[in-house]
Amino acid sequence: MNIEDFPMLKQDLIYLDNGATTLKPQCVINKMTEYYETYSANAHRGDYDISFKVDGEYEAAREDVRRFIHAKYKESIIFTSGSTESLNMIANGFFKNIMEPNDEVLITKSEHASNVLPWFRLQNEIGIVVKYIPLDDHHYVTLENVKKSITPNTKVIALAGITNVIGDERPIKEITKFAHENNIFVVMDGAQSVPHRKTDVEDLDVDFLAFSGHKMCGPTGIGVLYGKKELLEHMEPTNVGGGMNESFDNPNEVFYKELPTRLEAGTPNIAAVIGLGEAVRYLEKIGMDNIETYEKKLRQYALDRFLEIPHLDILNIEADSGIIAFNVDQIFSQDVAYYLNKYKICVRAGNHCAKILKNEVGVTNSLRVSLYFYNTESDIDSLVELLSDKEKMEREML
Amino acid sequence: MDENMRREIIMEHYRTPLNKHRTEDKNYQFVNTNNSSCIDNLDIFVKIENNCISDICFDGEACAISTSSTSIMIRNLIGKTIQEAKEYIENFEHMIQEMDYDEDLLKEALAYKEIYKQGNRKHCAYLPYIGIKKILDKYE
């Protein structure tokens, strides 16, 4: 769908690494260029026309994001540099202040590094305990296993909505309902889910959500921290400085602004915020439900074709998103990626930042194809043709 | 050495690498070397006796270029004094950085003489050398 919107696709390229980042439509590029060319001033500061326009566009983007994830209040939308910063703020600005030694956080072994390392750090710094919810035979999280994993010390469950290697979708709404009945907070890492399907934070009822702009047709260096307003009120700013303070005189007399500005210290990434707003409107125009349906259909098409190739070992035959993780028998994943690169096909090889997943699936490295709505059956056909010919692959992988 | 020959050498060392096994022997020094931009991860074990490299073995997960390069490095370094080994490594570095080098010293490692053309694979070929240098640099 919508291939013509993407300047990158005008070149001879098949881009199948959307889990890493996505391509940008012309409208997002134009929107950012327009800022730099016609009203390039700072936000929240100037008393002149173009700065006033910046404020308007900046806050309009916040409203776009609020609407996009169906949040109740604009104050719940904090702009960050990406999911990583959002998750670090959640751990360090909120949970570090309310967790005691031996309190537990539940994650899984298929989380991305960004939803593992902030918790590891809290374990080292203040003595919380990181525990893992066991995954089932298909590497899925079930509500049953969540129920079995909680203890009186469990304070928070932090899970990706969709994981970045296995591509399984977690029953976040059910888990959150159960968690709240037991006074446990829920953090959702939405990096791989928010770009690919409708997200309704009110319906899911999660306490915090983190996601990145660049994985959803937006610019790099911008992301979102969503939090329930009453919780964000208690979040300590991890950065303090310009923009976020109301007044200060000495260390004992420092007053911060209200949400959301209180949590956005320094000059923000204005162009990227405005670009993200445009990306959100672009996705809404296509329709998140249409995107989800299209990707699922394309994934099924790809899977059916992959299954015809005997020397492929597919790690996630079952998955709910456009991700296929696989290996070619006897050929190291990176060599395969290198071979595909010769034909201008971009796929990812490696451990995909999920370094503890290997203990779970027994495979350290794999190839990952991750789809988005601008991919086509013809992209898959080209990929399958190259993967089918193992002799050619061995011949050309150097 | 033409392109086919270079290819053949690399593939042969990739398919049947020399000394690809671990050792628990305490007389070996151990180093891990990995590539932050890709996924190659090698453990290298080196035995040094009387200022001379008497044995090297390795294990790990790595691509065709890294694996073969390690195997060839091992073949070329066993039996060398530390000084000779350093000289060999310096020549290899010069080759992949497109500087002047002595072809005769490098033998099969000449298979990577054009690897500089593939920026993303240059580092793969060099990876085992980063590891072994950490050990050799301990010696004057």
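Scanning the range B:99-129 for residues that are crowded, with 16+ Cβ neighbours inside 10 Å and more than 14 Å from chain A (Cβ to nearest Cβ) yields B:TYR101, B:LEU105, B:LEU106, B:GLU108, B:ALA109, B:LEU110, B:TYR126, B:PRO128, B:TYR129. Among the candidates A:ASP379, A:ASP289, the residue that is touching a residue at least 24 places away in the same chain (Cβ under 8 Å), loosely packed, with under 13 Cβ neighbours inside 10 Å, over 30 Å from A:PRO118 (Cβ atoms) and within 25 Å of the chain's Cα centre (by Cα) is uniquely A:ASP289. What single numbered condition from (1) of a type outside the set (S, T, N, Q); (2) in a loop (DSSP other than H, G, I, E, B); (3) touching a residue at least 24 places away in the same chain (Cβ under 8 Å) fails to hold for A:ILE317? With respect to (1) of a type outside the set (S, T, N, Q); (2) in a loop (DSSP other than H, G, I, E, B); (3) touching a residue at least 24 places away in the same chain (Cβ under 8 Å), A:ILE317 is out only on (3). Once the range A:345-375 is narrowed to residues that are among the charged types (D, E, K, R) and more than 18 Å from the chain's Cα centre (by Cα), the residue that is nearest to the other protein chains (Cβ to nearest Cβ) is A:LYS358. Looking at the range A:16-23, is at least one residue of a type in the set (Val, Ile, Thr) and closer than 19 Å to A:HIS196 by Cα? Yes, because at least one residue in the range A:16-23 is of a type in the set (Val, Ile, Thr) and closer than 19 Å to A:HIS196 by Cα. Would you check if B:LYS20 is over 15 Å from A:GLN334 (Cβ atoms) and within 14 Å of chain A (Cβ to nearest Cβ)? Criteria met by B:LYS20.
Yes/no matrix, rows are residues, columns are (1) under 30 Å from A:PHE120 (Cβ atoms); (2) touching a Lys or Arg at 6+ places or on another chain (Cβ under 7 Å); (3) polar (S, T, N, Q):
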residue	(1), (2), (3)
A:HIS311	no, yes, no
A:ALA325	yes, yes, no
A:VAL361	yes, no, no
A:ASN375	no, no, yes
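State whether one or more residues within the range A:328-336 are surrounded by fewer than 23 Cβ atoms within 10 Å (Cβ to Cβ), assigned to a helix (DSSP H, G or I) and either more than 10 Å from chain B (Cβ to nearest Cβ) or small (Gly, Ala, Ser) (or both). No - not one qualifying residue is present in the range A:328-336.
Does the range A:342-349 contain at least one residue that is outside any loop (DSSP other than H, G, I, E, B) and touching a Lys or Arg at 6+ places or on another chain (Cβ under 8 Å)? Yes, some residue in the range A:342-349 is outside any loop (DSSP other than H, G, I, E, B) and touching a Lys or Arg at 6+ places or on another chain (Cβ under 8 Å). Can you tell me which residue in the range B:42-65 is modelled with the lowest pLDDT, limited to those that are within 13 Å of the chain's Cα centre (by Cα) and at the interface with chain A (Cβ under 9 Å from one of its Cβ atoms)? Looking at residues that are within 13 Å of the chain's Cα centre (by Cα) and at the interface with chain A (Cβ under 9 Å from one of its Cβ atoms), I get B:ALA62. The residue that is nearest to A:THR199 (Cα to Cα), among those in the range A:43-71 that are basic (Lys, Arg) and buried (at least 18 other Cβ atoms within 10 Å of the Cβ), is A:ARG66.
Restrict the check to the range A:110-123 and report whether at least one residue is assigned to a loop (DSSP other than H, G, I, E, B), surrounded by fewer than 17 Cβ atoms within 10 Å (Cβ to Cβ), out of contact with any Leu (no Cβ under 6 Å at 6 or more places or on another chain) and assigned by TED's automatic domain parsing to the domain that holds A:HIS70. Looking through the range A:110-123, none of the residues is assigned to a loop (DSSP other than H, G, I, E, B), surrounded by fewer than 17 Cβ atoms within 10 Å (Cβ to Cβ), out of contact with any Leu (no Cβ under 6 Å at 6 or more places or on another chain) and assigned by TED's automatic domain parsing to the domain that holds A:HIS70.
The values are calculated or read from the model by the stated rules, or taken from the named source; none is laboratory data. Because the structure is predicted, anything quoted here is derived from the model rather than measured. Here Cβ is always computed from backbone atoms with ideal geometry, including for glycine, and neighbour counts include all displayed protein chains.
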